[in-house]
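Working notes, beginning with the structure itself.
Please treat every number below as a calculation from the coordinates, not as lab data. Predicted, not measured: the structure shown is a model, and the values here were computed from it. When we count neighbours, we look across all protein chains shown, and the Cβ atoms used for this are built from the backbone with ideal geometry, even at glycine.
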Amino acid sequence: MDHSRLRADFNDELAVDEAIAADTDWGAGGPPSAKIYRTSKACAQCRGRKQKCSGPGGGSSAGASASAPEDQARQPCRRCAHSGVQCSFTTATNEQGFNDVDAASRSARKVDRLQKQVNEQASRISQLEATVSNLSAAVAVVSRVNRTPDSGLDGLHVANPPGPSPQGTKRWHDRASVTATSPLSKRAKIRNDEIFASGPALFQNPSPGRRSDAHGSVDFSTPMSMLRHLRHDIHDMSVENEALDPIICGVMTMEQAQETFDTFFDHCHKWAPVLCPQTQTSAAIIRQSCPALFISVCCIGYRFTSTSTTETQRRYMALISLLDHSLSRLLLKPNLADVNLDHIRAILLYIQWMPVDNIGNSSRSIRYNAISAWSMLGLAIRYALFLGLHQDAVLPFKSDNNELPTLEDVGRLRVWINLLTCDAALTLSSGLPATLNPDPVVAVAGRFRSNDNAIHPDDTRSSATCELVSILKRAARRSGSPNARSLDADCLRQVNLELDTWETDWNPIIGDQIQHYQMPFTTLRSYRLSINSACLSPLLRPSGGQGQISIYVLQALEVSLHTAALTIFALAEQSRHRSWGHYKSIDSLPRGRYTADIEAINRIKYSVDSTWISYSFATMFLVLCYKNGIIDENLKILALCYSTADVVTFPRRQAPSSLLFRLVSLAMQIFDVASTNLLAHLALDQKLLLSGVFAVVLGDLDTDDGIPSEMPAMASYSDREVEALFNSMVNGMYLGWYAG
């Protein structure tokens, strides 16, 4: 066997990858290799016959071998010359000795490799640009706040990462949510926490197992969740946010915005502790992180402006218009990035302090009604469930969790508790079933209250109120009534005992931090009156008549009268003369004229709108009980009186010394003081609404000394209108009455 020939044939058949490797080295920037591989020395005919080829010019004479290389390359090989066939070497070749077909193939592969390299470089550049844009946006936010003369944030300094720690002049400002919803962060495809580990929340990665936004709360288990992951939303909201920015629109200055924030946190926050006092007191920071929340707080704070001029009225209406557009987008055109904690906060604030429309003219009206509040609460609940807040809010506070709850965990639970309390309040007022279960929160309320990041007494109020919601939920389960407004005798007796136990247990915990006219005691009286008065509707209708009253109804009536009287009496100066536990019955209320407690009213006037619905309902309840012959002028139940000869009943005129006269007179003073010198307040609308109800008891009062005239004035509402008004309040389906 000719082994030398086999070796030659094997060398001729080496893989073309060697030539490709040489091309790769050349394409990488190095000079072309001078070595020409053996496979390139064989002609096409010899390769096809698998024979050894002598190479180009192999069949020429010795003189021809000294000719130019290009001429030699066009000479046939020895075998082709000997066989008399055309050799491929006689055709034109490229500079490396490859023919045109091989050169074109290799060039195509080179172009393909270069295109891949270009694409990789473009991807790296895109990622770097996104990173630089995020960092630039964060620095721009802080720089803009630092340059704003009206923001009240003197001394703000941008430190090199990691660890910026700006401070304000009035409060400690935390930038934890400066750019939490920045559109740039939606487009970035890299882990920003590796770049800015201890900076704003935009650059921080949430702890494992917890979902901080909507992106972390979805998975590939459903078609919609998969589509959300496949689709990258690159819509830039900056233009739309600027169009709804009251500062850019010239509605108010940054200094005025900060004043509204100060008003909110100083007076309103305690009535609905849903925001974080440590991180969200700066108007400038909230303006950048969540425009909807910024406008919502501005609207609430500005409605308590002490001056009501044409300019302030126009500014308030402009703010309301911006708020409407901002919240309507969350309902009509939401996207995945809109589902976050701050937008839930904005919706909750809107529900509890709804705007007043058309102030300053005859078409003035309030928005607060059960339908509006219920629909907006449904949106907030769906956002919360989408985020997994029903699980993530409670999980960090469970006893089996070894990690200490963070400030962010406390903020989540605040929002969830506020959702629970709003849900329960609307259940009682509207008659619609409750949506949320408070029991998991009640189980961790103690650990939440004792957390280092908790704010007292605000978070103490939240824990106590949550237990009230749980009592209401248990009553609904026992009775089978989804709204706890159709309780039988046993269920009603049990819920009253639980409410009494709650009051006994929480009085020493709360101590002197919270007065009896503040939340959660206002919530306690509201729940107690709503639950017990639900079975009294037939008695309070003139067409119904008294008939026989069962013991169960009499007990509910007695509790309702006592609760309604305490609701009004809590804002009298005389309520401070003794400890609140002394007033266990109606007979324990002091005699003499009641004087409005101005300090207490000036505190409670900042409360949520539902508080004023409770005061209106308590006043209406007492007047209707008197007007329908259920009680006398001193709130004595006529069905329990042995003799009614000396009892003053409707329509006889009450004496100014009677308990009913003193309480209704105090209620009118409360509404007067609360609505005085304020731009927009629900108390003013309620006072106009109840003017006919006041007239039933008070008649025509002289505004100077409060002495009634000789003849009582005719009520501005007829009996049928008063009855319809009460029905609307009891059923709760239309609490936003028109006050023209």
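Computed values, structure above
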| read-out | value |
| --- | --- |
| Full-extension gain in nm, L554 to D672, via 0.36 nm per residue minus C-alpha separation | 39.1 nm |
| Cα lying deepest toward the dipole's positive end in segment 450-557, options L524, L472, I514, charges on Cβ | L472 |
| Label zone at S657, where the point sits 7 Å out along the Cα-to-Cβ direction: segment 579-601 residues whose backbone N lies under 20 Å | 586-595 |
| Gain upon complete extension [H456, V111; 0.36 nm per residue less C-alpha separation] | 117.3 nm |
| Over 29 Å between alpha carbons, listed pairs K333/K473; K270/K398; K270/K584; K333/K687; K473/K584 | K333/K473; K333/K687 |
| Distance in nm between pseudo-label sites at L497 and S588 (7 Å out along the Cβ direction from Cα) | 2.0 nm |
| Efficiency of FRET from Cβ geometry, H325 and E255, R₀ 25 Å, rounded to 0.05 | 0.55 |
| Spatial separation of Cα centroids for segment 408-483 and segment 357-392, in angstrom | 18 Å |
